[in-house]
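Student: Below you will find the structure I want to go over with you.
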Amino acid sequence: MKNKGTANICAAVLACIFILAGCGNGNQVVNYEETDRESITLTFFGNKYEPENVLIIEEIISEFMKENPGIRISYESLKGNAYYNALEKRMAAGKGDDVFMVNHDILLELKNQGLVADLSGLGTISNFTESMRGQMEEDGRIYWVPTTVSIFGLYCNLDLLKEHNQKVPENLGEWMAACEYFAGQGITPVIANNDISLKTLVIGRGFYSLYQEKREKEVFSSLNSGEEALSDYLEPGFLLVKEMIDKGYVDAKKTVETRKTSDDLQEFTKGEAPFMLTGAWAAGRVDGMKPDFSFEVIPYPVLEDGSLLVINADTRLSVNAGSEHKEEAMKFVEFFTKPENISKFSNQQSSFSPLEGGEPSAVKEIQTLIPCYQQGRTVIGTDAFLEVPIWNLTAQAVQKLLAGEPEETVMDWLDEQAGEERGAE
């Protein structure tokens, strides 16, 4: 929607990357300029700000502009929660970008306000897996398309485990035993961040049986209507987190200050802790930090009889329903979701492809996740059928546990908040 001035620079040349001074949230803008003064400018707003992520996005944008010389793209990114705060403000003010990245919770708000366009006419929709299309479709409409399937896993320092005669855990009993051993040695076993680490444990352990029994849609419908309470299903997960906090398996005070895929990675690569909970997409980054030990990422060992994976349809793209260039914006999203672009993007993200026949990332440290994924031992972290902002509510509830609040009080708060969210719709 926002149109910026056009400069006389060759279309094949990347104009510049501006790192905005004074912003501590990773804000950056990438402008791609064209020679045609009558060209259309699309603005693309996202939360992928790391240089390696932006390089792939640049490549896709550049290829799109070569095929569409009358359209140029300006990509802007912000880090973490600052991105979603800015997205909400822009959309509320009627100044939203043409294309933007969304997550489950923010999409609930934007969709209810009629601010996202229907993408069901995109030519690439049929390429997505049946299960992914089931997540995307809503009453015949599609308001977002994924570009990756992200995985959350347990990073294991293989050298440290071997040094202490400990094995890579394959179930909850083995993991808790290893944590108890390291805690007894004065080593905090698990590095966790203040966002995704512990809440994904909660969601995975709490909802796993629903997916295995094919009851998730039925239960989520009851949760949406308020017939059942979130705590009825998530309490086992919160009890596990509470146990880990109480036994010192995670450092509560430190976790509150630990930023995801940033501080946690730095801490893990020191080689002093056996485990780290975060997204598998950081595996390539950890490897690039050149730790002096071997590591691998495994499924969450939080079941009595095995492990599970928490997954998300991720890096979701939406189009602004009020865009002045909606047709061109949809054309760009269709281009971004072509198989070859999905493949290069998901591979760089150490993620799986959301497309039929799509290959998982070739990053070697995440290959141990593939069998669990293929066997269907998975839980969707932000299931589209659950119309409650589960991502934010579980994060806030975990923060309360880390602050020392009793588990019973936190469960009451969780159910009250879910009720308020339903009433606000």
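The values are calculated or read from the model by the stated rules, or taken from the named source; none is laboratory data. Since this is a predicted model, take the numbers as computed values, not measurements. Counting neighbours? That spans all protein chains shown, and the Cβs are built from the backbone with ideal geometry, glycine included. The area values use the complete protein model at the heavy-atom level, side chains included, leaving out ligands, DNA and RNA. Shrake-Rupley method; radii C 1.70, N 1.55, O 1.52, S 1.80 Å.
Student: Do we have SER343 as modelled with pLDDT under 95 and in contact with a Phe, Trp or Tyr (Cβ under 8 Å, 6 or more places away or on another chain) here?
Tutor: Details: modelled with pLDDT under 95: yes; in contact with a Phe, Trp or Tyr (Cβ under 8 Å, 6 or more places away or on another chain): no.
Here the answer is no, as SER343 does not meet what is asked.
Student: GLY96 - would you say it is closer than 21 Å to PHE336 by Cα and either touching a residue at least 24 places away in the same chain (Cβ under 8 Å) or of a type in the set (A, V, I, L, M, F, W, C) (or both)?
Tutor: Numbers: closer than 21 Å to PHE336 by Cα: yes; either touching a residue at least 24 places away in the same chain (Cβ under 8 Å) or of a type in the set (A, V, I, L, M, F, W, C) (or both): yes.
Yes; evaluated as a whole, the condition is true for this residue.
Student: For the subset of region 216-256 comprising residues that are in a loop (DSSP other than H, G, I, E, B) and among the aliphatic types (A, V, I, L, M), which member is surrounded by the fewest Cβ atoms within 10 Å (Cβ to Cβ)? Before you say what the answer is, go through the steps one by one.
Tutor: Looking only at region 216-256, we keep the residues that are in a loop (DSSP other than H, G, I, E, B), and these are 226-229, 247-251.
Narrowing the set further to residues that are among the aliphatic types (A, V, I, L, M) leaves 229, 250.
Values: ALA229: 18, VAL250: 25.
The qualifying residue surrounded by the fewest Cβ atoms within 10 Å (Cβ to Cβ) is ALA229.
Student: Scan region 111-123 and tell me whether some residue there is open to solvent by less than 10 Å² (accessible area, probe 1.4 Å), among the charged types (D, E, K, R) and in a loop (DSSP other than H, G, I, E, B).
Tutor: No, the conditions are met nowhere in region 111-123.
Residues checked against (1) at pLDDT 95 or above; (2) surrounded by 21 or more Cβ atoms within 10 Å (Cβ to Cβ); (3) in a helix (DSSP H, G or I):
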residue	(1), (2), (3)
LYS4	no, no, no
CYS10	no, no, no
CYS23	no, no, no
VAL29	no, no, no
ASN85	no, no, yes
MET101	yes, yes, no
ASP105	no, no, yes
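Student: Being in a helix (DSSP H, G or I) and among the β-branched types (Val, Ile, Thr) is the filter here, so list the residues in region 45-82 that pass it. Quick ask: steps written out before the conclusion?
Tutor: Quick first cut of region 45-82, residues in a helix (DSSP H, G or I) only: 51-67, 80-82.
Residues satisfying the conditions are VAL54, ILE56, ILE57, ILE60, ILE61.
Student: If you don't mind, there's one more thing I want to ask. So, in region 311-343, exactly how many residues are touching a Leu at 6+ places or on another chain (Cβ under 9 Å), part of a loop (DSSP other than H, G, I, E, B) and either open to solvent by 10 Å² or more (accessible area, probe 1.4 Å) or among the acidic types (Asp, Glu) (or both)?
Tutor: Residues flagged as touching a Leu at 6+ places or on another chain (Cβ under 9 Å), part of a loop (DSSP other than H, G, I, E, B) and either open to solvent by 10 Å² or more (accessible area, probe 1.4 Å) or among the acidic types (Asp, Glu) (or both) within region 311-343 amount to 4.
Student: Consider only pairs whose beta carbons are under 8 Å apart and that are at least six residues apart or on different chains; among these, list those whose first residue lies in region 160-174 and is over 23 Å from LEU303 (Cα atoms) and whose second residue is modelled with pLDDT of 95 or more and open to solvent by less than 40 Å² (accessible area, probe 1.4 Å).
Tutor: If the second residue must be modelled with pLDDT of 95 or more and open to solvent by less than 40 Å² (accessible area, probe 1.4 Å), the pairs left are LEU160/GLY271; LEU160/ALA273; LEU160/PRO274; LEU160/PHE293; HIS164/PHE182; HIS164/PRO274.
Student: If you don't mind, another one. Identify, from the list ASP314, ASP232, the residue that is over 23 Å from LYS162 (Cα atoms) and free of Cβ contacts under 8 Å to residues at least 60 places away in the same chain.
Tutor: Details: ASP314 fails: free of Cβ contacts under 8 Å to residues at least 60 places away in the same chain.
Every option except ASP232 fails the conditions.
Student: Additional query: Would you check if there is a residue in region 277-290 being touching a residue at least 40 places away in the same chain (Cβ under 8 Å), assigned to a loop (DSSP other than H, G, I, E, B) and hydroxyl-bearing (Ser, Thr, Tyr)?
Tutor: No: zero hits.
Student: While we're on this one: Can you name every residue in region 131-145 that is at pLDDT 95 or above, in a loop (DSSP other than H, G, I, E, B) and over 15 Å from the mean Cα position of the chain (by Cα)?
Tutor: TYR143
Student: Which one of these does LYS260 not meet: (1) open to solvent by 10 Å² or more (accessible area, probe 1.4 Å); (2) within 22 Å of GLN349 (Cα to Cα); (3) in contact (Cβ under 8 Å) with a residue 24 or more places away in the chain; (4) in a helix (DSSP H, G or I)?
Tutor: LYS260 satisfies all of (1) open to solvent by 10 Å² or more (accessible area, probe 1.4 Å); (2) within 22 Å of GLN349 (Cα to Cα); (3) in contact (Cβ under 8 Å) with a residue 24 or more places away in the chain; (4) in a helix (DSSP H, G or I) except (4).
Student: I've got another one for you. Restricting to region 349-359, give me the number of residues that are over 20 Å from TRP144 (Cα atoms) and surrounded by fewer than 20 Cβ atoms within 10 Å (Cβ to Cβ).
Tutor: Residues that pass the stated criteria total 2.
Student: Does GLY376 fit the bill of being out of contact with any His (no Cβ under 6 Å at 6 or more places or on another chain), farther than 17 Å from LEU107 by Cα, open to solvent by 10 Å² or more (accessible area, probe 1.4 Å) and in a loop (DSSP other than H, G, I, E, B)?
Tutor: Values: out of contact with any His (no Cβ under 6 Å at 6 or more places or on another chain): yes; farther than 17 Å from LEU107 by Cα: yes; open to solvent by 10 Å² or more (accessible area, probe 1.4 Å): yes; in a loop (DSSP other than H, G, I, E, B): yes.
It is true that GLY376 is out of contact with any His (no Cβ under 6 Å at 6 or more places or on another chain), farther than 17 Å from LEU107 by Cα, open to solvent by 10 Å² or more (accessible area, probe 1.4 Å) and in a loop (DSSP other than H, G, I, E, B).
Student: Same structure again: Out of the residues in region 344-373 that are aliphatic (A, V, I, L, M) and assigned to a helix (DSSP H, G or I), state the one that is nearest to ILE57 (Cα to Cα). First the steps, then the outcome.
Tutor: Residues of region 344-373 aliphatic (A, V, I, L, M): 355, 362-363, 366, 369-370.
Now restrict to residues that are assigned to a helix (DSSP H, G or I): 366, 369-370.
On the way: ILE366: 22, LEU369: 26, ILE370: 25 Å.
The residue in question is ILE366.
Student: Among the residues of region 170-178, is any outside any helix (DSSP H, G or I), open to solvent by 10 Å² or more (accessible area, probe 1.4 Å) and on the phi > 0 side of the Ramachandran plot?
Tutor: Residues of region 170-178 that are outside any helix (DSSP H, G or I), as a first pass: 170-171.
Then drop every residue that is not open to solvent by 10 Å² or more (accessible area, probe 1.4 Å), which leaves 170-171.
If we keep only those that are on the phi > 0 side of the Ramachandran plot as well, we get none.
No, every residue in region 170-178 fails to be outside any helix (DSSP H, G or I), open to solvent by 10 Å² or more (accessible area, probe 1.4 Å) and on the phi > 0 side of the Ramachandran plot.
Student: Could you list, in sequence order, all residues of region 274-297 that are open to solvent by 10 Å² or more (accessible area, probe 1.4 Å) and either touching a Pro at 6+ places or on another chain (Cβ under 9 Å) or within 22 Å of MET176 (Cα to Cα) (or both)? Can you show your working first?
Tutor: First, the residues of region 274-297 that are open to solvent by 10 Å² or more (accessible area, probe 1.4 Å): 281, 284-285, 287-296.
Hits for region 274-297 are SER294, PHE295, GLU296.
Student: If GLU63 passes every condition in (1) at pLDDT 95 or above; (2) more than 19 Å from ILE342 (Cβ to Cβ) but one, which one does it miss?
Tutor: Tallying (1) at pLDDT 95 or above; (2) more than 19 Å from ILE342 (Cβ to Cβ), GLU63 fails exactly one: (2).
Student: Confirm whether ALA384 is modelled with pLDDT under 95 and either over 21 Å from ILE56 (Cβ atoms) or surrounded by fewer than 19 Cβ atoms within 10 Å (Cβ to Cβ) (or both).
Tutor: Values: modelled with pLDDT under 95: yes; either over 21 Å from ILE56 (Cβ atoms) or surrounded by fewer than 19 Cβ atoms within 10 Å (Cβ to Cβ) (or both): yes.
For ALA384, the condition - modelled with pLDDT under 95 and either over 21 Å from ILE56 (Cβ atoms) or surrounded by fewer than 19 Cβ atoms within 10 Å (Cβ to Cβ) (or both) - is met.
Student: Any residue in region 62-79 that is farther than 19 Å from LYS48 by Cα and open to solvent by 10 Å² or more (accessible area, probe 1.4 Å) sitting within a Cβ distance under 9 Å of a residue that is polar (S, T, N, Q) and part of a strand (DSSP E or B)? List the pairs, counting only those 6 or more apart or interchain.
Tutor: ILE71/THR41
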